[in-house]
Structures are given as structure tokens and as C-alpha cells.
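Working notes, structure below.
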Amino acid sequence: MADPFELDDAHHPADVPPLSQQAQAAAAPYLGGLNPEQREAVSHTGGPLLVLAGAGTGKTRALTTRLAHILATGQAWPGQILAVTFTNKAAREMKERIRALIGDMVEGMAWLGTFHSIGVKFLQRHAELAGLKSGFSILDTDDQLRLLKQLMAAENIDEKRFPARQLAGMIDDWKNRGLTPDRVPAGEAAGFAHGKAGLLYGAYQQRLKTLNAVDFGDLLLLPLKVLQANADLLADYRQRFRHILVDEYQDTNVAQYLLLRLLAGENGNICCVGDDDQSIYGWRGAQVENILRFKTDFPAARIVRLVRNYRSTAHILSAANGLIAHNKARLGKELVSELGEGEKVVVRAHWDDAEEARAISDDLEAIGRHGGRLSRAAVLVRASFQMRPLEERFIEIGLPYQVIGGPRFYERAEVRDALAYLKVIHAPAHDLAFARIINVPKRGIGKTTEQKLHAFARAEGVALYRAAELLVQREELAKRARAPLAALLADFARWRALAADMPPAELAGVVLDESGYVEMWKKDTSPKAEGRLDNLKELVRSMQEYDTLGGFLEHVALVMEADQAAAADKVTLMTMHAAKGLEFDTVFLPGWEEGLFPHQRALDENGEAGLEEERRLAYVALTRAKRRAVISFAANRQVHGLWQNALPSRFIDELPKAHVEIATPAPFMGRPMPADDDMSHWRGPDLELKAAADPPGRAACRFAVGQRIFHQKFGYGIITAADGDKLTISFEKAGRKRVMAAFVEAA
């Protein structure tokens with residue numbers, strides 16, 4: 001058999017350099033700044049190694065230095081090292097760090113990259129063994145869906161009832177678990193299209209082979225199959241890869257785990273770096289069990305714990321340590337701060353989410369007033385729908401912010417779609433809005449029909465909506481094209497009639513339901529679908545404050561036109577999942593309430609395992625903070641216009657009291673705070689959190705209806721209604737707004 005690595009090693013001898021070079025490298029400058037645990041992880045040779053690297057303990061430094069040390073001491077040539085990361089960005093950063101340590105020798109590391117990039121490299125070398133030909137193509141998601149729809153149509157499966165996207169998600173999950181079509185459990189196959197999922201999976205794989213194509217799941221599955229079926233080839237790879245290094249091992253799925261086990265053998269030089277306490281991606285296939293059973297898989301393995309934290313102060317780390325200690329499925333470690341005691345973790349209670357947003361914005365403004373940088377602060381939420389009241393508040397007071405990991409609330413695709421429906425109801429001539437949702441969700445209006453519609457509108461000089469009204473009465477369109485278009489126009493006519501008397505929020509709920517838009521996302525099995533549904537609910541909730549559809553749409557237009565580019569110093573708003581790997585001086589953690597965090601869906605679907613992953617997510621969020629962490633919860637949240645009680649998260653109870661400061665002003669909701677600051681009092685059956693139309697503690701408004709006022713952002717206006725300290729104001733330029741009395745002054 002030809003050596004599959006001949007291109008990598010054409011200029012290198014087969015034997016490694018003599019061990020005397022190891023002694024020469026022992027005093028290398030790159031080893032000087034390591035702490036004892038890092039040095040142990042770097043210098044370990046011979047046999048499996050697990051580096052349990054806690055948050056902020058310098059795991060990237062340890063991993064890259066270990067790679068450099070292996071190369072500098074001649075334990076392996078660059079082409080004899082398999083180094084796996086989870087993102088291309090991480091691979092690039094690792095390569096640059098190694099270059100800074102040992103120079104251009106890093107260029108020979110041909111097997112440094114993500115699992116998928118390494119899978120491509122493997123399949124390019126062994127295409128025939130994988131049932132492929134050279135020059136195979138990789139299907140993207142759209143191509144995959146089109147192919148599945150063709151196969152489903154051939155089986156007379158109703159795609160509306162059984163969405164192709166759902167089948168694609170199932171197939172991807174099976175591939176991530178290393179399951180070929182013949183190994184799919186019968187019970188899982190029965191959950192789609194009356195038990196035809198396995199049949200469709202097999203037909204899909206056969207079709208891919210005919211097309212000489214693979215999808216992303218195949219980049220893991222096919223190398224696994226080839227190595228399992230070809231012992232000689234597996235032996236070659238095991239001999240060649242003298243060292244295997246894996247970053248973020250806690251995030252590996254089953255297929256990735258099986259690949260690594262195959263390549264490492266029982267006693268190979270495999271070094272896995274990860275943190276069982278930061279495994280938070282179970283929803284996309286990650287298996288925390290992979291890292292937990294490392295010692296079982298490799299009985300001779302050494303475990304090195306990196307616990308010296310260089311990011312956070314002692315109180316923050318101790319709070320995080322106490323929280324994560326409640327998890328049972330963990331190997332165990334306790335981080336120690338190298339930065340001193342610092343401030344205690346602050347826990348605040350609020351009456352509702354609006355008050356919570358005000359408190360956070362007040363703190364952020366104080367940071368700016370005292371010369372701090374907003375870019376060093378972040379607000380981390382469990383669910384993206386929590387961002388809307390925060391964004392509204394930041395915009396209201398002119399606080400610059402950025403949303404990381406996604407667009408701003410009103411710029412999200414699902415929110416734009418919903419707004420497009422509402423815009424067409426309010427103004428039928430809104431061509432961009434009508435074009436956006438004419439076939440969303442799919443209703444049988446194809447591209448050809450849309451092209452004819454646009455051409456007719458241009459020729460007649462009318463809006464698209466009017467063009468549609470005219471075309472459904474003519475013969476230019478085929479009957480099968482006219483029917484769905486006519487049905488859509490009838491829907492809009494009915495909704496427009498409802499808009500005259502129905503409150504905007506109620507109207508939005510009707511439209512999203514009757515249009516099939518909500519149902520479309522309910523059937524979507526992608527990880528983002530749940531968040532999109534939450535955002536739609538939040539959009540409907542935000543409309544409760546408006547009496548007319550036009551008033552709400554004007555408000556949205558002003559929000560979306562707000563100039564966010566003026567200041568480079570912006571607070572970061574993002575989800576906890578997106579924050580992994582980042583750090584900020586100050587971190588705000590709102591919404592620590594039962595049902596929201598831990599999320600009820602995680603508990604319902606995965607029980608104790610789901611709870612432990614949620615707790616790991618809390619640990620990750622808390623350890624993003626370097627100097628100050630503020631946790632908050634609200635006693636009431638408004639859902640679909642109804643106030644709902646919310647109990648503080650169990651995670652708050654689990655924070656060690658010695659490292660927490662209770663910052664809630666007394667009395668809280670009419671009750672004095674416990675003298676001993678015992679947080680468990682917030683959750684006991686004796687504490688009833690009742691929603692009320694006029695919550696206690698709200699001061700009477702000092703303004704009167706009809707009074708002229710001034711607002712820093714919206715200018716002059718007249719108060720038209722007052723509800724406690726919430727004012728409805730008709731501004732001269734900005735239109736009707738709901739603002740807090742604290743932010744206006746008498747004109």
C-alpha cells in the first residue's frame with residue numbers, strides 16, 4: 001500500500017531526532033512563564049493525557065506550548081501530529097501562537113484544523129475507499145434540502161406535514177452519532193413519515209454517491225467507516241500520528257469520539273484538553289460523557305488539572321465553584337484566583353423585566369460617568385427574546401450597544417417577516433414587505449409567478465399588491481398559480497378588516513397563526529427554531545403598549561433608524577452560549593428565574609442531565625466576569641400581555657452565601673429583606689409573588705395628562721395618558737411613545 005503521507009514527509013527522515021534535543025529544549029524560553037500545572041501538561045511524554053482546564057486557566061497557552069515542545073524536542077515532525085480544534089478561527093490562532101514560539105516549522109503541520117477540515121483531507125486521499133471519486137463536492141444546507149424534497153416526492157410524502165428540514169436534522173444527528181442507514185434504531189425511524197425515515201436516509205446516501213457528493217455529516221461518518229473497515233490503513237495512521245492533540249474535548253460528539261479512539265488506540269499519545277464544567281452544547285450533539293470516561297477509555301492516562309485562574313477575582317470564582325459543585329456528572333476541580341479577593345457577586349431582585357433593564361442601564365451609565373469603557377461590559381441572557389426590553393431601554397437613553405452572535409431584535413429574520421405582514425396590512429403598497437412574505441411560509445407561489453407579478457406591476461405602474469389583485473382576475477397566470485395568490489389576498493383583506501377594531505398585539509397573534517408562520521417554525525427542528533418562536537412571542541408582547549398598528553410601526557421605524565455607528569465604545573449584548581471563550585470586566589446576568597434559567601424545555605426533555613447542562617451554562621456565564629458580576633431576577637414577566645409570577649432560579653440558592661452580596665433595596669415587594677440575607681427566603685412557600693396592575697413601590701406620577709414635557713431623545717411632547725410612572729406621550733417629531741416618568745422633564 002502506498003504511504004498516504006508521502007507528501008507530508010518527503011523531506012523528513014522516518015526516525016525522530018535523538019532525545020538529546022529534548023534536554024536542549026528543556027530550558028527553552030517558552031517554558032519559563034508556565035505555572036507548575038501547565039509545565040506538567042506541556043512536558044508529559046508517553047501515553048494518554050487529559051488536561052482539565054478550568055475557565056481562565058491558560059489552557060490555550062498550555063496546548064500550544066505542548067505542541068511547540070513536541071516539535072522543538074523532536075518527538076515528532078510537523079506532519080506526524082494530528083491537532084484538532086472546533087473552529088477555523090481557533091486553528092488559525094493556534095498556528096500563529098506556535099509560530100511565535102518555534103518559527104516556521106509550524107508550516108509543516110498539515111493535520112492541524114477542525115474535525116471537518118481534517119475529514120475533507122482524509123476523504124480526498126481515500127475517496128475510493130469511501131465510495132467516492134476524486135473531485136467530489138460538498139453539499140450545503142440548501143442543496144441537501146432540495147435533494148431530500150426530491151426523494152420525499154418520489155415516495156409521495158407530504159412535505160408540508162413532514163418537512164424536509166426535520167428529516168435533514170434527523171439525518172445529521174444520526175451521522176453525528178456514527179449511525180449508517182442500516183443502524184438507525186427502529187423507534188427513531190418511526191418518528192417521521194410513518195416509519196420511512198430510515199428508508200429515506202438510505203436513499204439519500206445512495207443518491208449522494210451517484211452525485212459524487214457528501215454533506216457535512218459525511219465528513220465525520222465516512223472517515224469513521226473507512227477506518228473501521230480497513231485495518232491496514234488504520235494501522236498506518238496510528239503509526240504516523242505520533243501525537244494527537246484535541247482542544248475543547250468536552251464538546252465532541254459520538255462520531256468525533258469514535259474517530260479519536262480509533263486513531264489513538266489503547267495507549268496512544270493522545271492529549272485532550274477540555275473542561276467538563278463547560279460542556280454546554282448538548283443540543284447540537286456534544287457528549288459530556290466523552291470527557292468523563294477518559295480514564296476508563298485510557299486506564300494509563302494522566303490527568304492534569306489547571307486550576308490557577310488568571311481572569312476572575314476570588315469571590316467570583318468561589319461563587320462559580322460553589323454553584324457547579326452541585327453537579328454530579330463531573331470529574332471535579334476548584335479554581336483558585338491569582339488576582340485577589342475582589343467584589344462579591346451581586347444579586348438583585350426586581351419587580352419586572354422593565355425595572356431590571358433600567359437597573360442594568362443605570363449601572364452601565366455609571367461606568368461611563370466614572371471613566372470606564374462600555375466595551376468592557378456585557379449583558380448575557382439565557383434566551384434571545386430577553387434582549388428586546390434591554391435594547392429598547394438602551395435606545396431610549398442613547399446607550400451605545402452591539403449584539404454579538406446575531407442581529408438586533410428588530411433586524412432578526414423572523415421579526416422582519418412578522419413586521420412585513422403587519423406593514424402590508426397597514427399599507428398594501430409596501431412592495432418590499434409584500435415581496436418578502438409572498439411565499440413565506442411556502443404556499444405554492446413560485447419564482448415564475450413572482451417574476452410575472454413584478455413585470456406586470458412595472459408595466460402597469462402599480463404596486464405589487466395591486467398587481468396581484470388584477471392578475472388573479474385574468475388568464476395571464478395559470479390556475480394553480482392564481483389560487484394560492486388569491487387566498488393570500490383574501491387573508492390580507494380579512495386581517496385589514498380586523499385591524500380596525502382589534503388591538504395590534506392581538507392582531508399580530510392572529511396573523512402569525514393564520515398565515516402558518518408560527519407553525520412553520522414549530523415544525524423546524526434546527527437549534528435556532530425555539531429562539532425564533534420566543535422572539536415572535538416577544539414581538540407580540542412588545543405591541544401591548546400600542547393602541548394602533550400605525551403607532552407601533554412608526555416606533556419600530558425610529559428604532560431601526562437609530563444611529564449605532566457613532567460610538568466605538570459599546571456595551572455587548574449576547575446569549576450565554578455565544579459568550580463562551582470571552583471575558584469582560586463587568587458582566588450582567590439578568591433573568592435568573594425558574595423556567596427561564598434553568599430553561600423549562602431543557603428540564604422537560606432531558607431531566608437531570610438537562611439541569612446539569614443548564615448549571616454548567618450558569619458556570620460559564622459567571623466565569624466570563626473578571627472584576628464584577630451582577631445576577632438579577634424579576635418577580636413578574638409579561639407574556640402575551642399577561643403578568644406571570646416568576647420564582648428566583650434554584651441556581652441563586654446554590655450560590656455560596658459568603659461570596660454573594662444582596663443588593664435588593666428593602667422592602668422588596670412589600671416585604672423586608674431577611675436579616676441574614678438568606679436567599680432561600682425568596683423561594684419558600686411563605687413568599688407569594690402576586691402580579692398586580694399597580695405594583696407596590698411605584699411612586700405616584702408627578703406629571704399630569706395634557707402637560708407638555710421634554711425628553712432628551714424624542715424632544716417635546718404632550719402627555720396623553722399616565723399609568724403610575726409610565727407615561728404615554730405624543731411627541732411632536734417621534735410620534736406616540738411609552739416612557740418612564742424619570743426620563744422626562746416639564747417643558
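The values are calculated or read from the model by the stated rules, or taken from the named source; none is laboratory data. Just so we're clear, the structure is a prediction, and the values are computed from it rather than from any experiment. Here the Cβ positions follow ideal geometry from the backbone for every residue, glycine too, while neighbour counts run over all protein chains shown. Ligands, DNA and RNA are stripped out before the accessible areas are found, and what is left, the full protein with its side chains, is counted by its heavy atoms. Shrake-Rupley method; radii C 1.70, N 1.55, O 1.52, S 1.80 Å.
Quick one: of the DSSP bridges fully inside the chain, what percent are antiparallel, nearest 5? Intermediate results must be reported in sequence, preceding the final value.
On the way: 26 of 74 bridges.
Around 35 percent of the beta bridges assigned by DSSP in the chain are antiparallel ones.
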Item checked: ³J(HN,Hα) computed for each position of segment 273-280 - Karplus, 6.51 cos²θ - 1.76 cosθ + 1.60, integer Hz, glycine/proline x -> 10, x, 9, 4, 6, 10, 7, 10
Margin query: Relative contact order of segment 496-556, please, whole-number percent, based on alpha carbon pairs below 8 angstrom and at least 6 residues apart.
Written below: 46
Checklist line | Distant-in-sequence amide H partners of residue 570 (H built 1.01 Å from N, under 5 Å) | finding: 375
Notebook entry, point to check: Helix 413-426: angle to the longest alpha-carbon principal axis of the chain, degrees 0 to 90, nearest 10?
Noted result: 20
Notebook entry, point to check: Tell me, what ³J(HN,Hα) does each residue in segment 164-174 have, in order and in whole Hz, if you take phi through Karplus 6.51 cos²θ - 1.76 cosθ + 1.60 with θ = phi - 60° and put x for Gly and Pro?
Noted result: 4, 5, 5, 5, 4, x, 5, 5, 4, 5, 5
Check: So what's the net charge close to residue 60: Lys and Arg +1, Asp and Glu -1, counting the other residues with Cβ under 15 Å from its Cβ?
Finding: +3
Next item on the list: Check each of the GluC sites (Glu not before Pro) in segment 241-340 and keep only those in coil by DSSP with at most 10 other C-beta atoms within 10 angstrom; list them in order.
Entry: 266
Check: Just in segment 445-547: which trypsin sites (Lys or Arg not before Pro) are loop by DSSP and have at most 15 other Cβ atoms within 10 Å?
Finding: 474, 528
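Restrict the search to segment 226-298; then list the trypsin sites (Lys or Arg not before Pro) that DSSP places in a loop and that have at most 15 other Cβ atoms within 10 Å of their Cβ.
Sparse-neighbourhood loop trypsin sites (Lys or Arg not before Pro): 293.
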Check: Given +1 on the Cβ of Lys and Arg, -1 on the Cβ of Asp and Glu, and no further charges, what dipole in debye does segment 438-482 carry about its Cα centre, rounded to the nearest 20?
Finding: 240
Check: Can you give the FRET efficiency for residue 479 and residue 547, using 1/(1 + (r/R0)^6), R0 = 30 Å, r = Cβ-Cβ distance, to the nearest 0.05?
Finding: 0.10
Item checked: Separation in nanometres of the label points that stand 7 Å from Cα toward Cβ, at residue 707 and residue 334 -> 5.6
Check: For segment 38-123, with only Lys/Arg (+1) and Asp/Glu (-1) charged at the beta-carbon, what is the dipole magnitude about the Cα centre, in debye rounded to 20?
Finding: 180
Margin query: As I understand it, the dipole of segment 475-549 uses +1 on the Cβ of Lys and Arg and -1 on the Cβ of Asp and Glu, about the Cα centre. Which of 521, 511, 498 lies farthest toward its positive end?
Written below: 521
Next item on the list: Report, in degrees rounded to the nearest 10, the 0 to 90 angle that the Cα long axis of helix 59-72 makes with the longest principal axis of the chain.
Entry: 30
Item checked: Qualifying lysines (Cα of each under 19 Å from Cα of residue 295; at least 8 residues distant if same chain) -> 328, 333
Notebook entry, point to check: Roughly how big is the chain's charge dipole about its Cα centre, with Cβ charges of +1 (Lys, Arg) and -1 (Asp, Glu), in debye to the nearest 20?
Noted result: 960
Notebook entry, point to check: Which of the listed residues, 80, 398, 370, is farthest toward the dipole's positive end in the chain, when Lys, Arg count +1 and Asp, Glu count -1 at the beta-carbon?
Noted result: 80
Item checked: Placed amide H near residue 309: partners under 5 Å, 5+ positions off or other chain -> 336, 337, 338
Next item on the list: Using a 1.4 angstrom probe on heavy atoms only, work out the carbon and sulfur share of the accessible area of the chain in %.
Entry: 50
Checklist line | 0 to 90° range, to nearest 10: angle between helix 88-102 axis and the chain longest Cα axis | finding: 50
Check: What aspartates and glutamates could a cross-link reach from residue 344, if we take a straight Cα to Cα line under 14 Å and drop same-chain neighbours fewer than 8 places away?
Finding: 585, 661, 677
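Distance check, please: which entries in 423/726; 160/209; 423/447; 175/447; 133/442; 121/626 exceed 30 angstrom between their Cα atoms?
175/447; 133/442; 121/626
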Note to self: Can you compute 3J(HN,Hα) from phi for each residue in segment 494-506, using the Karplus curve 6.51 cos²θ - 1.76 cosθ + 1.60 with θ = phi - 60°, rounded to whole Hz and x for Gly and Pro?
What the structure shows: 5, 5, 5, 5, 5, 4, 5, 10, 8, x, x, 5, 5
Margin query: If each residue of separation counts as 0.36 nm, what is the full-extension length gain between residue 261 and residue 455 once their alpha-carbon separation is subtracted?
Written below: 63.9 nm
Check: Can you pull the Kirkwood radius for segment 471-627, inverse mean 1/r over Cα pairs, to one decimal in Å?
Finding: 19.9
Item checked: Computed label-point distance, nm, for sites residue 500 and residue 153 using a 7 Å Cα→Cβ extension -> 4.3
Next item on the list: Whole number in Å², please: accessible area per residue of segment 574-650, 1.4 Å probe, ligands, DNA and RNA not counted.
Entry: 32
Checklist line | Amide H contacts of residue 214 (H built 1.01 Å from N, under 5 Å, at least 5 apart or other chain) | finding: 137, 138, 139
Next item on the list: Name all residues of segment 168-188 having a backbone nitrogen under 12 Å from the label point set 7 Å from the Cα of residue 209 along its Cα→Cβ direction, giving them as ranges.
Entry: 181-182
